[in-house]
Amino acid sequence: MTHKRLNLGFQWEAAGNDTPESYHTMARLSLAVNGYSLTRNEDGWSRTVKDEVLVSLYPLAAWFASSWWRLLHEPHPGKGVRPSVSWRMAHELASANQGYVWPTVMFATDGEGIQVWSSPSDQNMEQSVRYLNGSSFPSFVPKDDFREEISGFIDAVVNRLRDCGCTDTELAALWKLVREEFADPKTARLRTFEAMMGYDSQECPQALLQAMVELSDKVGEESLLELMSALAMGKEFGLCHEKEIERFSQLQGVEGEPNIPGPEELNPAGESHAPWMLAVQDAKSVRDYLGWGLEPISNEKLFDALGISAATVEQYTPENTSRVSVAIPMSHRKMRFIPRKKHPTARRFEYARLLADCTSQRHGDGWLVSSDLGTFRQKYQRAFAAELLCPIEGAKAFMQGDYSESAIDDVAAHFDVSTTTVISLLASNHLLENDGFSGGNGAWPYLPIVVPA
């Protein structure tokens, strides 16, 4: 029997004397991702360890329903960025609160699916329940699986309350509204835009929402959604960000006409679900197409693939002070590249990332967008650029089994990439230990919300 990618299991159990909504939805709850229990806990009273915890499902269902659009469409702002309180309340399960001790779990989309972070309870905090499991890396759950499991869970709670005579609950009304919005493509599109800008449902200023809808025709909807999330970086998107997007069109940039293979030449056998696997495959295909082998790529070769002279790039002073780099399609396959990096090594990597976005053509005819987000698109770009500029087989041949700090410095200089890029490549290929999202402190990227019972 195969495990569901996300499993919210429960058994109803009468307990307590709280409000009818809470009393009728008391249950033994279990939460597992890819077969790994996130609710495994030690009961502080009985000193027993189990995979279920006694809680009311009403606050959890209400939290899922109120956070529905943001969970599905608002990504994590990226490594090293502390999200706003609003972001955390919409993505961290502990926000369900109402006096229960919830597992430390966080959900955030990467554009293709839902990433799930988890962390064990802080041993220094005295709580009635101490959760034992965490993970070194975020787990991945396909969006369809997430929607199916969460909607089924909320339906079960609403039906339980109805069967117990609680028909006019806030949860029932909220979930009815969410279902109606989800069923209407036009309304669902608006809710998606709001969520990507960091707003709860129907809280985005209407003028801003309408401006973004109109701008999507120019930028491309998927690219605009990436831009909004990247510019907001875990905060609410505002009018200043709208003007920032509009300013891109006024910048001179660097014009080029990429000379690269199309997607049909890169992936004739289909795609992988993992962004890094797909990216590495594509980067190798581009190297083969351009005859680069495993040798270092000169600036002349790299920029020639984008239809730009190296001299033009070196003479150009970036006008872009944004958090995002873009390339805007022009006529006759030409692109106007608007980079933001100034350091020569960082600049090479940035252009390689834009080449990745141009190569994959997964995003229609919209703008190319490169940012610090942790979305599928940005992970793909980073992995592609790393393999393109510093192919792992070339790095291994150069290092001859020596993965010391000095050897990493040498191979970084040889391929003209940063040491961070080399370390990431070696870790991704299991040649160095990978410390995960947080830089050494487990998967959780910052101090999680902990609500005492």
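Conditions (1) of a type in the set (S, T, N, Q); (2) surrounded by fewer than 23 Cβ atoms within 10 Å (Cβ to Cβ); (3) at pLDDT 90 or above, marked per residue:
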| site | (1), (2), (3) |
| --- | --- |
| 299 | yes, yes, yes |
| 307 | no, yes, yes |
| 314 | no, yes, yes |
| 320 | yes, yes, yes |
| 331 | yes, yes, no |
| 334 | no, yes, yes |
| 353 | no, no, yes |
| 356 | no, no, yes |
| 375 | yes, no, yes |
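Looking at the range 172-218, which of its residues are of a type in the set (S, T, N, Q) and either farther than 17 Å from residue 67 by Cβ or under 22 Å from the mean Cα position of the chain (by Cα) (or both)? Listed by number, the residues that qualify are 187, 192, 201, 206, 210, 216. Taking the condition at pLDDT below 85 and either farther than 18 Å from residue 367 by Cα or assigned to a helix (DSSP H, G or I) (or both), does residue 244 pass? Considered against the rule, which asks whether it is at pLDDT below 85 and either farther than 18 Å from residue 367 by Cα or assigned to a helix (DSSP H, G or I) (or both), residue 244 comes out as no.
Quick one: would you say residue 98 is surrounded by fewer than 24 Cβ atoms within 10 Å (Cβ to Cβ) and on the phi < 0 side of the Ramachandran plot? No, not satisfied. Taking (1) closer than 19 Å to residue 150 by Cα; (2) of a type in the set (S, T, N, Q); (3) part of a loop (DSSP other than H, G, I, E, B) in turn, residue 7 satisfies each apart from (3). Evaluation of residue 147 against the conditions (1) out of contact with any Lys or Arg (no Cβ under 6 Å at 6 or more places or on another chain); (2) under 21 Å from residue 40 (Cβ atoms); (3) in contact (Cβ under 8 Å) with a residue 60 or more places away in the chain; (4) of a type outside the set (Ser, Thr, Tyr) shows that the sole unmet condition is (2). Reported count of residues in the range 64-83, each being of a type in the set (Phe, Trp, Tyr) and in contact with an Asp or Glu (Cβ under 8 Å, 6 or more places away or on another chain), is 1. In the set (1) out of contact with any strand residue (DSSP E or B) (no Cβ under 6 Å at 6 or more places or on another chain); (2) surrounded by fewer than 23 Cβ atoms within 10 Å (Cβ to Cβ); (3) within 25 Å of residue 133 (Cβ to Cβ), the condition left unmet by residue 81 is number (3). Residues in the range 1-38 that are under 14 Å from residue 141 (Cα atoms) and basic (Lys, Arg): 4, 5. Collect the residues in the range 358-373 that are out of contact with any strand residue (DSSP E or B) (no Cβ under 9 Å at 6 or more places or on another chain) and either of a type in the set (Gly, Ala, Ser) or surrounded by fewer than 20 Cβ atoms within 10 Å (Cβ to Cβ) (or both), keeping them in residue-number order. Once the filter is applied, which keeps residues that are out of contact with any strand residue (DSSP E or B) (no Cβ under 9 Å at 6 or more places or on another chain) and either of a type in the set (Gly, Ala, Ser) or surrounded by fewer than 20 Cβ atoms within 10 Å (Cβ to Cβ) (or both), the range 358-373 yields 360, 361, 362, 364, 372.
Reported count of residues in the range 392-414, each being touching a Phe, Trp or Tyr at 6+ places or on another chain (Cβ under 8 Å) and either buried (at least 18 other Cβ atoms within 10 Å of the Cβ) or of a type in the set (Val, Ile, Thr) (or both), is 3. Residue 90: part of a helix (DSSP H, G or I) and either modelled with pLDDT under 95 or touching a Leu at 6+ places or on another chain (Cβ under 8 Å) (or both), yes or no? Yes, satisfied.
Considering only residues that are among the polar types (S, T, N, Q) and more than 30 Å from residue 238 (Cα to Cα), look in the range 152-201 and name the one that is surrounded by the most Cβ atoms within 10 Å (Cβ to Cβ). Ranking the qualifying residues of the range 152-201, first place goes to 169. Number of residues in the range 271-324 that are part of a loop (DSSP other than H, G, I, E, B), within 24 Å of residue 247 (Cα to Cα) and either of a type in the set (A, V, I, L, M) or without any contact (Cβ under 8 Å) to a residue 40 or more places away in the chain (or both) equals 6.
None of 148, 112 is under 29 Å from residue 20 (Cβ atoms) and surrounded by fewer than 18 Cβ atoms within 10 Å (Cβ to Cβ) except 148. Beta carbons closer than 7 Å, at least 6 apart along the sequence or on distinct chains, pair a first residue in the range 238-261 that is in contact (Cβ under 8 Å) with a residue 40 or more places away in the chain and more than 26 Å from residue 208 (Cβ to Cβ) with a second that is of a type in the set (S, T, N, Q) and surrounded by 14 or more Cβ atoms within 10 Å (Cβ to Cβ) for 260/359; 261/285. Only a single criterion out of (1) in contact with a Pro (Cβ under 8 Å, 6 or more places away or on another chain); (2) outside any strand (DSSP E or B); (3) modelled with pLDDT of 95 or more; (4) not hydroxyl-bearing (Ser, Thr, Tyr) is not satisfied by residue 31, namely (2). Answer with yes or no whether residue 63 is in contact with a helix residue (DSSP H, G or I) (Cβ under 6 Å, 6 or more places away or on another chain) and either at positive phi or free of Cβ contacts under 8 Å to residues at least 40 places away in the same chain (or both). Yes: the conditions hold for residue 63.
Entry remark, the range 111-133: residues being part of a loop (DSSP other than H, G, I, E, B), touching a Gly at 6+ places or on another chain (Cβ under 6 Å) and farther than 19 Å from residue 48 by Cβ number 0 in total. Applying the set (1) buried (at least 23 other Cβ atoms within 10 Å of the Cβ); (2) within 29 Å of the chain's Cα centre (by Cα) to residue 72 leaves exactly one unmet item: (1).
The values are calculated or read from the model by the stated rules, or taken from the named source; none is laboratory data. Everything quoted here is computed from the prediction, not taken from an experiment. Ideal geometry is used to build each Cβ from the backbone, glycine not excepted, and the neighbour counts take in all protein chains shown.
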